[in-house]
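Undergrad: Before I ask anything, here is the structure I am working with.
The values are calculated or read from the model by the stated rules, or taken from the named source; none is laboratory data. From a predicted model like this one, the values you see are computed outputs, not experimental measurements. Cβ placement follows ideal geometry from the backbone for every residue including glycine, while neighbour counts extend to all protein chains displayed.
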Amino acid sequence: MKRVILIKYGELSTKKGNLNFFIKTLSHMIEDKLKGYSISIVKDRARMRISFDEKDLEDIQSILQKIFGIHTYHIAYVCESNSEAIQKCILDVLKEEKFSTFKVDVRRCDKRFPIHSQDFNCVLASVLLKNIPNISVDVHHPDLLVRVEIREEETYLYYHTYAGSGGYPVGTQARGMLMLSGGIDSPVAGYLAMKRGVVLDAVYFEAIPHTSLEAREKVISLCRKLAQYTDKIHLHIVPFTPIQEQIYQCCRDDYCITIMRRMMYRIMEEICKKYKGLVLINGESIGQVASQTLTSMNVINSVTNMPVIRPVACLDKLEIIDLAKKIDTYDISILPYEDCCTVFVPKHPVINPREDVCIEEESKFDYLPMIQEAVQNIYTIVVQEHDDQFDSFL
């Protein structure tokens, strides 16, 4: 018996004039992710229907789970839109299922169907009661809720609901630049930004020889995980060693982390200009470390006019860890390879820095040419989910 996948949009359906744009973007993402499979997609403003090869169903479901914009989906049986065909279909499908109670919910989308929905509920329930022993109707808490959608071209019957990832399809918002450190928090922040439709680039600040090639490999692996939710991730690797060394040679020890973050934000703004990013994204969580107190965030943020999104700002560490495990980045993030934010952590970093002190400390070295040089020497790699082509960078 023929089956199709019915996708329901959820939050997308709240859109009005631009709903078609959201649906078209979702369709393109599904086509891209399923390009190795024999599928066809038919879409309208209410739902999307995917025809597929039965042998590929498990793989396709695994991929659909990671596509933003899908609220729920169903594996639906298809039959002709006439009473006899629907009665035969529901009996053929459910006679092999194990259940004690059920409810039938008919939706007569094609009003030309001659039997009203409530009456046809009774017809279909009667067919099941007569032919399947030891079952009964329970309209409040059934073991099995059987939905029947009668449309002009064909009828769909389904009884399992699969949760999607929700949100908006990637590409319905502009580009954002994620500060990807290699820790637990920033990949989760990137995932949550993509869930709102943001096209994501990643930026990694590298301080060779103080950071290792293994730390770079770790970041590339995290990008591969994030690429499961989009088509690809552009990873911009910033040579940060000269700036970081100058900070630790010239500036007060307790202010080094604050000034380092201010330099990163200045560089991020230049990267946004260069690569058409409209927002900075990072994994800062309020109060988690010294540079993430509200005072620190304010002083660090003051060097840029770019908007900064902090998707995990109000989550505690355990909530962030749970999300990291869900998206399969946690085991990579805890690998013991330090990034430039952790390799030179002072013993007592300032918790409530003052902007005037930062400006005074930054005046001790000429950082503007160093920022321009760092931006000019960025090298970019394009990371896709299954790529293994970056050995030359490691």
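Undergrad: Among (1) touching a Ser or Thr at 6+ places or on another chain (Cβ under 8 Å); (2) surrounded by 24 or more Cβ atoms within 10 Å (Cβ to Cβ); (3) under 21 Å from ASN301 (Cα atoms), there is one condition VAL203 misses while meeting the rest; what is its number?
TA: (1)
Undergrad: Now, a different point. Could you check how many residues of the range 269-296 are closer than 30 Å to ILE381 by Cβ and either assigned to a helix (DSSP H, G or I) or not assigned by TED's automatic domain parsing to the domain that holds SER333 (or both)?
TA: To start, the set of residues in the range 269-296 that are closer than 30 Å to ILE381 by Cβ comprises 269-285, 288-289, 291-292.
The next check asks that each one be either assigned to a helix (DSSP H, G or I) or not assigned by TED's automatic domain parsing to the domain that holds SER333 (or both); those that pass are 269-275, 291-292.
Number of matching residues: 9.
Undergrad: Kindly indicate which of SER27, SER83 is hydroxyl-bearing (Ser, Thr, Tyr) and closer than 22 Å to LYS225 by Cα. Lay out the reasoning, then the answer.
TA: Details: SER83 fails: closer than 22 Å to LYS225 by Cα.
Result of the check over SER27, SER83: SER27.
Undergrad: Which one of ASP388, ASP356 is surrounded by fewer than 17 Cβ atoms within 10 Å (Cβ to Cβ) and either closer than 26 Å to MET194 by Cβ or at pLDDT below 95 (or both)? Before you say what the answer is, go through the steps one by one.
TA: Working: ASP356 fails: either closer than 26 Å to MET194 by Cβ or at pLDDT below 95 (or both).
The unique qualifying residue is ASP388.
Conditions (1) assigned by TED's automatic domain parsing to the domain that holds ILE237; (2) free of Cβ contacts under 8 Å to residues at least 60 places away in the same chain; (3) farther than 17 Å from ILE332 by Cβ, marked per residue:
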residue: TYR168; (1), (2), (3): no, no, yes
residue: GLY182; (1), (2), (3): yes, no, no
residue: GLY190; (1), (2), (3): yes, no, no
residue: VAL199; (1), (2), (3): yes, yes, yes
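Undergrad: Could you list, ordered by first residue, the pairs with Cβ atoms under 9 Å in which the first is in the range 149-165 and β-branched (Val, Ile, Thr) and the second is outside any strand (DSSP E or B) and crowded, with 17+ Cβ neighbours inside 10 Å, at least 6 apart or interchain?
TA: From residues that are β-branched (Val, Ile, Thr), the pairs are ILE150/SER81; ILE150/ILE86; ILE150/PHE113; ILE150/PHE120; THR155/SER81; THR155/ILE86; THR155/CYS89; THR155/PHE113.
Undergrad: From the list PRO369, PRO336, PRO346, which one is surrounded by 14 or more Cβ atoms within 10 Å (Cβ to Cβ) and either modelled with pLDDT of 90 or more or not in a helix (DSSP H, G or I) (or both)? Please lay out each step first, then the result.
TA: Numbers: PRO369 fails: surrounded by 14 or more Cβ atoms within 10 Å (Cβ to Cβ); PRO336 fails: surrounded by 14 or more Cβ atoms within 10 Å (Cβ to Cβ).
Testing whether each residue is surrounded by 14 or more Cβ atoms within 10 Å (Cβ to Cβ) and either modelled with pLDDT of 90 or more or not in a helix (DSSP H, G or I) (or both) leaves just PRO346.
Undergrad: Would you pick out the residues in the range 234-247 that are closer than 13 Å to GLU362 by Cβ and either among the small types (Gly, Ala, Ser) or over 35 Å from the mean Cα position of the chain (by Cα) (or both)?
TA: Going through the range 234-247, the residues closer than 13 Å to GLU362 by Cβ turn out to be 243, 246-247.
Correct list: GLN246, ILE247.
Undergrad: Take the range 9-44 and flag every residue that is touching a Ser or Thr at 6+ places or on another chain (Cβ under 8 Å), surrounded by 13 or more Cβ atoms within 10 Å (Cβ to Cβ) and more than 17 Å from VAL170 (Cα to Cα).
TA: Within the range 9-44, ILE39, ILE41, LYS43 qualify.
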